[in-house]
1. Apply 1/(1 + (r/R0)^6) to the Cβ-Cβ distance of Met240 and Asn114, taking R0 = 25 Å, and write down the FRET efficiency to the nearest 0.05.
2. Give me the percent relative contact order of the chain, please, defined on Cα pairs under 8 angstrom at least 6 residues apart.
3. Just grab the label-to-label distance for Thr272 and Lys221, each label 7 Å out from Cα along the Cβ direction, in nm (one decimal).
4. Rg to Rh ratio, region 97-254, alpha-carbon atoms and Kirkwood radius?
5. List the GluC sites (Glu not before Pro) within region 293-401 that DSSP assigns to loop and that have no more than 10 neighbouring Cβ atoms inside 10 Å.
6. What distance in nm separates the simple spin-label points at Asp422 and Asn97, each placed 7 Å from Cα in the Cβ direction?
7. What fraction of the DSSP beta bridges in the chain is antiparallel, stated in percent and rounded to the nearest 5?
8. Which number comes out as Rg/Rh for region 57-162 once both Rg and the Kirkwood Rh are worked out on C-alpha atoms?
Amino acid sequence: MSKKYKISALLLILIIIIAAIGVYGFSQYQSSMNYTIISFDFERAYNDEDVLTSLGPRLAGTDEEYQGAIYIKNQFEEAGLSDVHIENYEALLYEVNSASVSLVEYLPLGNLPNPLADPIDFVHKMDFVVQGYSGSYAWQSYSDDLEIVDVEDGNDDALFADAEGKAAVVSQEVGVASNTELFFKASDFGVSALVLHNTRIGEEVGYLPISKSTGLPSDIKGYPDIPFFMVSKDAGNQIMEGIQSGMKLRLDFDVTVEERYLRVVLGDVKGTEKPNSYVMLGAHHDTVYNGDGAVDNTVGTVTVIELARQLSKYNPKKSIRLATWGGEEEGLFGSIRWFEAHSEDAQKNCMMYLNFDMNNVDLERGNRLPITVSDNTSIHHMKRISKALLEDHPELDRYDIEIGYNDLKSGGSDQLIFARNDIKAGACWGSGSWEYHTYLDTIEHVNAESLSVGGRIFGSYALYLANK
Ligand SMILES: [Zn+2]
């Protein structure tokens with residue numbers, strides 16, 4: 001063989017090798033493009049939504065929350081998940097047994113109610129909403145009626161000092177302290193009742209009062225035993241006018257604050273090769289006390305239930321764990337307590353946690369469907385999954401799917417404890433829920449189709465991860 005032929009042969013071999021590497025690389029690239037896009041029966045999910053919301057509010061620690069947990073557990077079992085069970089965690093929780101608020105006219109000297117004027121009775125949940133961990137107040141006679149003091153935005157201590165033994169009204173303007181700060185401050189100043197006047201939140205639904213909870217500072221053992229509630233803009237304006245004419249507040253609050261059990265429901269699609277490793281999908285199943293919580297967060301719950309049914313059709317190499325959490329509204333109690341109880345295992349075996357909270361899109365009010373994810377590789381895959389989803393289902397193109405980065409280490413929902421422990425996390429949200437934490441958060445605002453979008457993106461990605 002001449003030298004010339006030798007070089008040609010070497011070149012040919014080289015070209016073959018390069019081509020082979022190219023083909024191999026491309027096939028690898030292609031196989032990474034091969035996502036299984038799961039199905040999602042959103043009419044069935046809507047049926048779950050109907051069953052769960054018909055239980056009424058599912059405040060953590062109440063019987064309704066427990067009934068909801070049983071329903072979820074039954075659906076997990078029927079879907080064929082393994083290790084389906086409920087875990088119970090004891091936590092300081094509350095229940096509003098009854099509450100009434102009236103504005104009472106007084107005679108000019110201010111020591112007797114005007115017998116000719118009927119009190120203005122505010123409607124519980126519509127005009128006022130008890131705030132989480134409020135104390136009780138048993139009204140017995142007119143001597144229990146409280147003088148009212150306008151403490152403006154609550155930042156002026158002198159105004160709070162004037163409210164000792166009286167009802168202090170805080171206007172919820174921008175820059176107002178958190179519920180926790182205000183509640184403990186009111187207690188420190190000897191205030192007898194704390195009223196938040198909603199002048200700012202929920203313009204679209206008429207500034208309704210919303211339910212908000214209070215956190216317990218780590219150095220403090222219990223909550224102040226004073227009534228604590230938010231009033232609508234209109235009710236607050238009436239109270240403010242009442243101050244001018246010497247009207248007083250008549251309150252009767254019966255609120256239980258005690259250690260109770262909240263529920264966490266779990267089930268697995270068992271991995272066939274490495275069952276100890278898992279990717280987790282979850283949503284909180286509890287609601288505020290003053291509404292059905294159809295969007296917050298029954299939609300997330302039914303998304304997880306439907307994903308249990310869809311994902312149980314597959315036999316992934318690693319496990320897929322499905323969870324619904326109680327106690328989210330009081331401070332992410334369910335997810336945090338579960339994580340603490342299983343922390344060693346979760347740190348070692350949990351590949352990623354994906355959360356659904358208010359993942360409903362009200363198309364009459366907009367089409368944003370935000371998904372926030374704490375690692376860029378997952379964002380890359382999810383974008384490709386969503387592209388593949390839209391190729392199969394062009395009708396879903398009317399949703400504006402925004403997949404973006406967020407470290408998820410603050411605020412939000414049950415992904416927090418995972419993100420803070422450096423486990424990859426994702427959160428699927430929605431948009432247009434003007435009824436957030438009000439009595440109007442009911443099933444007629446649910447767009448079941450919208451649940452399928454985030455459900456399929458997270459569900460398909462979970463399946464991809466479990467097969468890697
Ligand atoms: Zn929520």
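1. Numbers: r = 19 Å, r/R0 = 0.77.
Result of the calculation: an efficiency of 0.85.
2. Values: 1053 pairs, mean separation 97.9, N = 468.
Relative contact order for the chain comes out at 21 percent.
3. 5.7
4. 0.94
5. Values: sites: Glu306, Glu328, Glu329, Glu330, Glu340, Glu344, Glu364, Glu391, Glu395; in loops: Glu328, Glu329, Glu330, Glu364.
When the GluC sites (Glu not before Pro) of region 293-401 are filtered for loop state and at most 10 Cβ neighbours within 10 Å, Glu364 remain.
6. About 4.9 nm separates the two model spin labels.
7. Numbers: 39 of 78 bridges.
In the chain, DSSP labels about 50 percent of beta bridges as antiparallel.
8. Details: Rg = 22.2 Å, Rh = 18.7 Å.
That ratio equals 1.19.
Any read-out appearing in this document is the output of simple, stated calculations on the displayed coordinates, not a laboratory observation. Please read these numbers as outputs of a predicted model, since none were measured by experiment. In this analysis, Cβ positions are derived from the backbone assuming ideal geometry, glycine residues included, and neighbour counts consider all displayed protein chains.
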